[in-house]
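In what follows, a single structure is set out as structure tokens and then discussed.
The values are calculated or read from the model by the stated rules, or taken from the named source; none is laboratory data. Everything quoted here is computed from the prediction, not taken from an experiment. A quick note on method: Cβ atoms are made from the backbone with ideal geometry, for glycine too, and the neighbour counts reach across all protein chains shown. All accessible areas refer to the heavy atoms of the entire protein, side chains included, with ligands and DNA or RNA removed. Shrake-Rupley method; radii C 1.70, N 1.55, O 1.52, S 1.80 Å.
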Amino acid sequence: YALLTERKFGLADSVGLPSVDKERMTIAAKFCEANEFYWDGVVSDKQNVREFIYQNAVFNLLDFTILGGKFSLFPSVPFNSKTFKIAKTQRPTVKALFTDGNTRNLQVSFLSPEERQNFIGTVYFRQEKENGFPETKSISLAVASDEDETKYPIEVFDMSDFCTNEDHAEDFLQHSLKIREKVDHGIKFETTPQSALGLQPGDYIRFISEATHTSRFENGIISPDGRVQSVGNSTLNNVNIYHWQPGTNSVKSARLKVVNGKATDAKLYGSVFTVQQTTESNRLYKIESLTYNDDGLIEVGASHAPLLDNGTLATINYNEDDFVGL
């Protein structure tokens, strides 16, 4: 925040207060304070400010975003809204539902085998000594598996320029290892501005389509007057659905009953819905980008956010037994 707003040593003349989201920055600062993520270093050389903020945001489990032209940082993992500590067992809040009924041009990009390969992570941090010289220390971990972890490739993360807390270095390394193990693809699609209302980078969405074992004919919308619009109208009665209304902050479950082509429950009016399937994959995604395209639609880019059976994020809900020291 200081680098972007200070006149003496920052970019107040080119960025300044109007271009910084102070509210989100404050949350990020409280999150770092609560989890003891500190930046104890010196900026000695000229650097690209966006690259500098992005790289250091990653080291502190933050997302660097530009929302409405405003720079901001925000925690990239679930956290307690009162204590601001990382909440490993907290279920992510789903902000919207997307199906074949309100999207088009779905593109799925899977990571290459090299990008999905588990690795031995080595992170460097600085151990300070009072009235003495600092010493560079390292931690090496790998995700525990049935394979021989010693044969994994080695990747190095150097945090010694600013990190003096071993727990901070270990938290970052464990999170990085879990992301590599669990995240295997991303998606991109187009949707209407109404369907993306209120969404921003960092939000979680559910995407259900043929690619996740649901039928195109069992997706649709319920108009504001209650009429069910779907190719499979004749079979859509007395079924369990997921539904979402533009402008709301959560995807809900309900029982859809249809009489004469109209839903009997007025609470479902104006919703996008998909029928719950027993073969459905629970696919959650984290929004990475939101941009307007030439057709006036919103292009959404998102990365897979895999869940455990209890509904928590697989990339953050781990314990020490999930890793081996090397």
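Odds and ends about this structure:
- If the condition is being open to solvent by 30 Å² or more (accessible area, probe 1.4 Å), part of a strand (DSSP E or B) and not hydroxyl-bearing (Ser, Thr, Tyr), then region 248-271 contributes Lys252, Arg255, Val259, Lys262.
- Pair list, Cβ under 7 Å, 6 or more apart: region 109-121 residue free of Cβ contacts under 8 Å to residues at least 40 places away in the same chain, other residue not small (Gly, Ala, Ser): none
- Among the conditions (1) open to solvent by 80 Å² or more (accessible area, probe 1.4 Å); (2) modelled with pLDDT of 90 or more, Phe119 misses just one, which is (1).
- Test set (1) free of Cβ contacts under 8 Å to residues at least 12 places away in the same chain; (2) surrounded by fewer than 15 Cβ atoms within 10 Å (Cβ to Cβ); (3) not charged (D, E, K, R) - Gly16 fails condition number: (1)
- Lys137 vs. criteria closer than 30 Å to Val272 by Cβ, open to solvent by 20 Å² or more (accessible area, probe 1.4 Å), of a type outside the set (Phe, Trp, Tyr) and not in a loop (DSSP other than H, G, I, E, B): no
- Any hit, region 38-54, residues being within 24 Å of Leu177 (Cα to Cα), modelled with pLDDT under 95 and either in contact with a Lys or Arg (Cβ under 7 Å, 6 or more places away or on another chain) or open to solvent by less than 40 Å² (accessible area, probe 1.4 Å) (or both): yes
- Residues within region 209-245 that are open to solvent by less than 60 Å² (accessible area, probe 1.4 Å), closer than 24 Å to Gly311 by Cβ and modelled with pLDDT of 85 or more, tallied: 6
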